[in-house]
Amino acid sequence: MSDLSIQLHWQRAEPVLQSGQYSNAHTVQYNNSYDVQVDSAPDWGGDPGNTNPEQALASALSSCHMMTFLALAAKAGWPVATYHDYAEAHLGKNPKGQMSVTRIDLHPVVRFDTGFSVSGKELEEMQDRAHRYCFIANTLADSVEINIL
């Protein structure tokens with residue numbers, strides 16, 4: 001199987017590393033060429049202008065779900081013209097009382113070529129199949145909700 005990697009770099013900007021008095025801002029590099037500025041979520045003192053790990057997790061799930069949906073739609077002969085999603089990660093305490101991403105909601109909107117349509121039930125079944133086959137969703141277990149718009 002594939003080994004997929006990133007590079008992460010953080011450097012202390014403050015004179016000393018003291019609890020609650022340092023920046024979590026760092027850079028994540030993809031494919032040795034694309035840098036993303038990452039920080040804590042804003043609720044935890046991070047820069048809202050940077051992405052955060054929770055958003056990156058929602059992004060990974062949304063992308064994986066879309067790619068899986070498109071593969072299944074292509075096999076079924078569904079002429080998908082556009083796919084849009086609004087993904088939202090929810091922070092809270094898990095059953096162990098630890099802070100975690102407790103749920104990720106996906107809100108996919110699929111549009112087809114003119115003249116093609118599927119029933120709401122067929123679309124829901126295909127989205128469910130995409131969720132079951134998505135690698136990231138399989139990693140996250142039961143913390144994903146798909147809300148078809």
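The values are calculated or read from the model by the stated rules, or taken from the named source; none is laboratory data. Just so we're clear, the structure is a prediction, and the values are computed from it rather than from any experiment. Every residue, glycine among them, receives a Cβ derived from its backbone with ideal geometry; neighbour counts consider all protein chains shown.
Could you go through segment 26-42 and let me know if any residue there is surrounded by 15 or more Cβ atoms within 10 Å (Cβ to Cβ), in a loop (DSSP other than H, G, I, E, B) and modelled with pLDDT under 95. Yes, segment 26-42 contains a residue that is surrounded by 15 or more Cβ atoms within 10 Å (Cβ to Cβ), in a loop (DSSP other than H, G, I, E, B) and modelled with pLDDT under 95.
Quick check: is even one residue across segment 57-65 closer than 30 Å to ARG132 by Cβ and either in contact with a Phe, Trp or Tyr (Cβ under 7 Å, 6 or more places away or on another chain) or not assigned by TED's automatic domain parsing to the domain that holds ILE136 (or both)? So far as segment 57-65 goes, yes, one or more of its residues are closer than 30 Å to ARG132 by Cβ and either in contact with a Phe, Trp or Tyr (Cβ under 7 Å, 6 or more places away or on another chain) or not assigned by TED's automatic domain parsing to the domain that holds ILE136 (or both).
If I filter segment 131-149 down to residues being touching a residue at least 40 places away in the same chain (Cβ under 8 Å) and more than 17 Å from GLN55 (Cα to Cα), which single residue comes out as surrounded by the fewest Cβ atoms within 10 Å (Cβ to Cβ)? Walk me through it before giving the result.
Step one: filter segment 131-149 for residues touching a residue at least 40 places away in the same chain (Cβ under 8 Å), giving 131, 133-137, 140, 143-149.
Now restrict to residues that are more than 17 Å from GLN55 (Cα to Cα): 131, 133-135, 147-149.
Details: HIS131: 19, TYR133: 15, CYS134: 23, PHE135: 12, ASN147: 11, ILE148: 14, LEU149: 9.
It comes out as LEU149.
The residues listed here are ASP85, ASP128; of these, the one that is in contact with a strand residue (DSSP E or B) (Cβ under 9 Å, 6 or more places away or on another chain), within 14 Å of THR68 (Cβ to Cβ) and loosely packed, with under 14 Cβ neighbours inside 10 Å is ASP128. Filtered by the rule that a residue be surrounded by 12 or more Cβ atoms within 10 Å (Cβ to Cβ) and either among the charged types (D, E, K, R) or not in a loop (DSSP other than H, G, I, E, B) (or both), segment 88-110 gives GLU88, ALA89, HIS90, LEU91, SER100, VAL101, THR102, ARG103, ILE104, ASP105, LEU106, VAL110.
Taking the criterion of being farther than 20 Å from ASP105 by Cα and in a loop (DSSP other than H, G, I, E, B), the residues of segment 49-78 that qualify are GLY49, ASN50, GLY77, TRP78. Checking each residue in segment 6-25 for being surrounded by 10 or more Cβ atoms within 10 Å (Cβ to Cβ) and either in contact (Cβ under 8 Å) with a residue 60 or more places away in the chain or out of contact with any His (no Cβ under 8 Å at 6 or more places or on another chain) (or both) picks out ILE6, GLN7, TYR22, SER23, ASN24, ALA25. The lone criterion from (1) under 18 Å from the mean Cα position of the chain (by Cα); (2) at pLDDT below 95 left unmet by GLY46 is number (1).
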